[in-house]
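Read through the structure below, which is laid out as structure tokens, and then see the notes.
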Amino acid sequence: MEYNEAIEYLNGFTKSGVPIKNLSRFRGLMDALDNIQDKLKYIHVAGTNGKGSVCEYTALALEYSGYKAGKFTSPYINRVEERIQINGAPISEGDLAFYISKVKEAADKTGCTDYSQFEILNAAAFLYFYDKKCGITVLETGIGGLLDCSNIIDPELSIITTVDLDHCAILGDTPEKIARHKAGIIKPKRPVVLSPFQYDEVIRIVREKAAETGSKLIIPASDELKLIKADLNGTEFLYKNKRFAVGMCGGHQMINASAAVEAMRELEIGEEHIEAALKNAAVPARMEKMGGFIIDGAHNVSGAKAAAELIGGSNGKKTLIVGMLKSKDYKGALAVLLPVFDRVIAVDFFSPDAVKSEEISALAKSVGCETVTADNGDDALRKACETEADLRMICGSLYLCGMMRGKLTKNEETTQG
């Protein structure tokens, strides 16, 4: 297939596929691909918040230590190729088309048409990482863990990041129910790292699963973690009396980084490589500075709290472009986020499933924000820039962040050109 044909084929499947009760559907697809995934080594990452950051820290540390490090993450911000990377470089259009073609051949043999986009792309990633001889791959789950198609692997180590309420319709409406899905990635006799500062019931569920599987459980000691600094220039913290500098912003990065540190130490990655990875790691649309804006895909309550805490600590007038999806707890997230800002541009143009801009605007007015709506991305940027502000932010759905990030990138290229 050509690239456009491959993307059309991929988009012919729904994002989640027909609901499943076990992993037999994806196992059948990988059987048709000679179970190539069994010939690779992995770090498997699940959790509600922090997965992207932890994947970036660990993949970069592996790369610095000499590995050819694969990375499979979701969602993408601007292009689907971002989801499949080796040493930070996205898969090429040609390679993506080639490996999706291979997956299509296998899918046709199975006769199954119920796959999800995630399953097709995950299968293509396995083929790509094998052919390119990756030494180890950092593999992020899509939703949950227990029934996530990525869970057919036997990793060297698993990491469970912060567990909170998200995807409740699929995973359950309590931290305990969600934790059972996340803990599903723990494999027999394989170590697992759990991020610190979790709900008590999350720790209990993970401990029980680790004991059941005979897996070593590592939890960074919260009493040995001390935040030194967290502002828009980065984060610094002490862990076991050692100082770490993190390039990404926010106190929550101390939590993410400490989990990555313990995971890398368990795999005997050198301290110098760990330190360099924490300092240099960057994830698009995660407190990312671009074109005079900060872009952050905080789309649930935990993410909104982290963003509000960081932004609230800065002085001056603050303007926010914000849009949320109806499927999230947008009211809870906005209740945390909106009071930090003086002016809000509410938007809904980025998705048919977006919360109506008028509803967001009404919520903003109720907490004392000056507010307007915008019809499109250019209109939103213009309205954000037409009044004086010391800080301008784009926040909410990653669909919105990706769209606006693309516009800001194009603006920067035009200016430089």
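The values are calculated or read from the model by the stated rules, or taken from the named source; none is laboratory data. In this text, all values refer to a predicted model and were calculated from it rather than measured experimentally. Ideal geometry is used to build each Cβ from the backbone, glycine not excepted, and the neighbour counts take in all protein chains shown. All accessible areas refer to the heavy atoms of the entire protein, side chains included, with ligands and DNA or RNA removed. Shrake-Rupley method; radii C 1.70, N 1.55, O 1.52, S 1.80 Å.
Could you look through segment 209-234, keep only residues that are at pLDDT below 95 and crowded, with 17+ Cβ neighbours inside 10 Å, and pick out the one that is farthest from the chain's Cα centre (by Cα)?
Top of the filtered list is A230.
Conditions (1) within 22 Å of G312 (Cβ to Cβ); (2) part of a loop (DSSP other than H, G, I, E, B); (3) touching a His at 6+ places or on another chain (Cβ under 8 Å); (4) of a type outside the set (G, A, S), marked per residue:
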residue: D348; (1), (2), (3), (4): no, yes, no, yes
residue: G368; (1), (2), (3), (4): yes, yes, no, no
residue: D378; (1), (2), (3), (4): no, no, no, yes
residue: A384; (1), (2), (3), (4): yes, no, no, no
residue: A389; (1), (2), (3), (4): yes, yes, no, no
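Identify the residue in segment 93-119 that is acidic (D, E) and in contact with a Gly (Cβ under 8 Å, 6 or more places away or on another chain) and, among all such residues, is least open to solvent (accessible area, probe 1.4 Å). Please lay out each step first, then the result.
First, pick out the residues of segment 93-119 that are acidic (D, E): 93, 95, 105, 108, 114, 119.
Now restrict to residues that are in contact with a Gly (Cβ under 8 Å, 6 or more places away or on another chain): 114, 119.
Working: D114: 64, E119: 7 Å².
The qualifying residue least open to solvent (accessible area, probe 1.4 Å) is E119.
From R286, R265, which residue is over 16 Å from the mean Cα position of the chain (by Cα) and open to solvent by 30 Å² or more (accessible area, probe 1.4 Å)?
On the way: R286 fails: over 16 Å from the mean Cα position of the chain (by Cα).
When all the criteria are applied, what remains is R265.
Scan segment 268-283 residue by residue and report those that are part of a loop (DSSP other than H, G, I, E, B), surrounded by fewer than 22 Cβ atoms within 10 Å (Cβ to Cβ) and among the aliphatic types (A, V, I, L, M). Please lay out each step first, then the result.
Applying the first criterion (part of a loop (DSSP other than H, G, I, E, B)) to segment 268-283 yields 268-270, 281-283.
Checking the rest, the ones that are also surrounded by fewer than 22 Cβ atoms within 10 Å (Cβ to Cβ) come to 268-270, 282-283.
The answer is I269, A282, V283.
Condition first: more than 26 Å from R180 (Cα to Cα) and open to solvent by 80 Å² or more (accessible area, probe 1.4 Å). Now tell me which residues in segment 2-48 satisfy that.
Hits for segment 2-48 are E2, N4, E5, E8, N11, D31, D34, K39.
Any residue at all in segment 300-313 that's open to solvent by 20 Å² or more (accessible area, probe 1.4 Å), in a loop (DSSP other than H, G, I, E, B), over 22 Å from V206 (Cα atoms) and of a type in the set (K, R)?
Within segment 300-313, not a single residue is open to solvent by 20 Å² or more (accessible area, probe 1.4 Å), in a loop (DSSP other than H, G, I, E, B), over 22 Å from V206 (Cα atoms) and of a type in the set (K, R).
Identify, from the list L334, L338, the residue that is open to solvent by less than 10 Å² (accessible area, probe 1.4 Å) and more than 23 Å from I77 (Cα to Cα). Give the derivation first.
Values: L334 fails: more than 23 Å from I77 (Cα to Cα).
So the residue among L334, L338 that is open to solvent by less than 10 Å² (accessible area, probe 1.4 Å) and more than 23 Å from I77 (Cα to Cα) is L338.
Report whether or not Y115 is on the phi < 0 side of the Ramachandran plot, in contact (Cβ under 8 Å) with a residue 60 or more places away in the chain and not in a helix (DSSP H, G or I).
On the way: on the phi < 0 side of the Ramachandran plot: yes; in contact (Cβ under 8 Å) with a residue 60 or more places away in the chain: yes; not in a helix (DSSP H, G or I): yes.
Yes: the conditions hold for Y115.
Return the residues of segment 353-363 that are part of a loop (DSSP other than H, G, I, E, B) and within 16 Å of M403 (Cβ to Cβ); say none if nothing qualifies.
Looking only at segment 353-363, we keep the residues that are part of a loop (DSSP other than H, G, I, E, B), and these are 353, 355-356.
Passing the criteria: D353, V355.
Could you count how many residues in segment 185-208 are of a type outside the set (D, E) and open to solvent by 10 Å² or more (accessible area, probe 1.4 Å)? Let's see the steps before the verdict.
Our first condition is that a residue be of a type outside the set (D, E); within segment 185-208, this holds for 185-199, 202-207.
If we keep only those that are open to solvent by 10 Å² or more (accessible area, probe 1.4 Å) too, we end up with 187-191, 197-199, 203-204, 207.
Summing the residues that are of a type outside the set (D, E) and open to solvent by 10 Å² or more (accessible area, probe 1.4 Å) in segment 185-208 gives 11.
Is it fair to say F349 is closer than 13 Å to L400 by Cβ and open to solvent by less than 40 Å² (accessible area, probe 1.4 Å)?
When the stated conditions are applied, F349 does not pass them.
Would you confirm whether or not segment 291-306 contains a residue that is of a type in the set (S, T, N, Q) and modelled with pLDDT under 95?
The answer is yes; a qualifying residue exists.
Taking the stated definitions as given, is S366 within 17 Å of M403 (Cα to Cα) and not charged (D, E, K, R)? Give the steps one after another, and end with the answer.
Working: within 17 Å of M403 (Cα to Cα): no; not charged (D, E, K, R): yes.
No; evaluated as a whole, the condition is false for this residue.
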